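J.: Take a look at this one; I'll ask things after.
The values are calculated or read from the model by the stated rules, or taken from the named source; none is laboratory data. These numbers were taken from a predicted model, which means no experiment stands behind them. Because the Cβ atoms are built from the backbone with ideal geometry, glycine has one as well, and the counts that use them run over all protein chains shown.
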Amino acid sequence: MNIRGDGVRAAHPLYQEEGDGSLPISPLQFQLVKVPFETAKALNALWHSRLPRFGTGAVKDMNSYLCYAAEFAGIYYAVAIWSNPVARMLPQDRWLELRRLAISAECPKNTATRMLGVMARLIRRKRPEIERLISYQDMEVHKGAIYAAAGWTRTTVNTSASWDRPGRRRPKEQSSANKQRWEKVLT
């Protein structure tokens, strides 16, 4: 585990040299804080089970990503990266897509569900134009329990064949499993 003061997990690297040795025992102990996209990408690379690499696709403005990290005692333990929906036919100005949710193995049970709930409330308050949140669950390795527990609704299933479009092929390192879409209405 990298917890040195200059490591990506240190929330306040100018002040912290080492972790204090204590780990969170409840997801209620985390503070969700906005983090820069580059920090979120680095944390995702540490913890994401299937997609540690995060390509930026056609997005040219890194500020268009909304990123949150779960922080406790000056250390990051989980990260979420939001953007406009990847599917161009979905409302780009009123919906946000959870592109990555990566949780450290040190997190207490229910951290992901708690993060989904807190982030939905933060987005509703700070981005009132956002009407709906969406996310895609990899059906090969996840059951969607975190979304169900956070009050999201199961909607369409995208098959592996539906991901590719003319002129836009799915990268080989991406999972080709079917994806369950989940939605959370904010309005």
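J.: Would you say residue 98 is in a strand (DSSP E or B) and either over 22 Å from residue 9 (Cβ atoms) or under 17 Å from the mean Cα position of the chain (by Cα) (or both)? Show your work before the answer.
T.: Numbers: in a strand (DSSP E or B): yes; either over 22 Å from residue 9 (Cβ atoms) or under 17 Å from the mean Cα position of the chain (by Cα) (or both): yes.
Judged against the criteria, residue 98 is a match.
J.: Oh, and also: Would you be able to tell me the number of residues in the range 27-60 that are closer than 23 Å to residue 117 by Cα, surrounded by 16 or more Cβ atoms within 10 Å (Cβ to Cβ) and at pLDDT below 90?
T.: 2
J.: Any idea how many residues of the range 135-160 are assigned to a strand (DSSP E or B) and out of contact with any Ser or Thr (no Cβ under 6 Å at 6 or more places or on another chain)? Don't jump to the end; show me each part of the working.
T.: We begin by selecting, within the range 135-160, every residue assigned to a strand (DSSP E or B); these are 135-138, 153-158.
Subset that is out of contact with any Ser or Thr (no Cβ under 6 Å at 6 or more places or on another chain): 135-137, 153-158.
Total meeting the criteria: 9.
J.: Of all residues in the range 89-112, how many are within 18 Å of residue 151 (Cβ to Cβ), touching a residue at least 60 places away in the same chain (Cβ under 8 Å) and either crowded, with 19+ Cβ neighbours inside 10 Å or among the β-branched types (Val, Ile, Thr) (or both)?
T.: Of the residues in the range 89-112, 1 are within 18 Å of residue 151 (Cβ to Cβ), touching a residue at least 60 places away in the same chain (Cβ under 8 Å) and either crowded, with 19+ Cβ neighbours inside 10 Å or among the β-branched types (Val, Ile, Thr) (or both).
J.: Residue 86: modelled with pLDDT under 95 and surrounded by 13 or more Cβ atoms within 10 Å (Cβ to Cβ), yes or no? Quick ask: steps written out before the conclusion?
T.: Numbers: modelled with pLDDT under 95: yes; surrounded by 13 or more Cβ atoms within 10 Å (Cβ to Cβ): yes.
Considered against the rule, which asks whether it is modelled with pLDDT under 95 and surrounded by 13 or more Cβ atoms within 10 Å (Cβ to Cβ), residue 86 comes out as yes.
J.: What number goes with the only condition from (1) at pLDDT below 95; (2) in contact with a helix residue (DSSP H, G or I) (Cβ under 9 Å, 6 or more places away or on another chain) that residue 74 does not pass?
T.: (2)
J.: Do we find that residue 67 is surrounded by 19 or more Cβ atoms within 10 Å (Cβ to Cβ) and assigned to a loop (DSSP other than H, G, I, E, B) in this structure? Before you say what the answer is, go through the steps one by one.
T.: Values: surrounded by 19 or more Cβ atoms within 10 Å (Cβ to Cβ): yes; assigned to a loop (DSSP other than H, G, I, E, B): no.
Taking the combined requirement at face value, the residue does not satisfy it.
J.: Still on this model: Quick one: is residue 74 on the phi > 0 side of the Ramachandran plot, touching a strand residue (DSSP E or B) at 6+ places or on another chain (Cβ under 6 Å) and of a type in the set (Gly, Ala, Ser)? Spell out the reasoning first.
T.: Numbers: on the phi > 0 side of the Ramachandran plot: yes; touching a strand residue (DSSP E or B) at 6+ places or on another chain (Cβ under 6 Å): no; of a type in the set (Gly, Ala, Ser): yes.
Against the criterion (on the phi > 0 side of the Ramachandran plot, touching a strand residue (DSSP E or B) at 6+ places or on another chain (Cβ under 6 Å) and of a type in the set (Gly, Ala, Ser)), residue 74 does not qualify.
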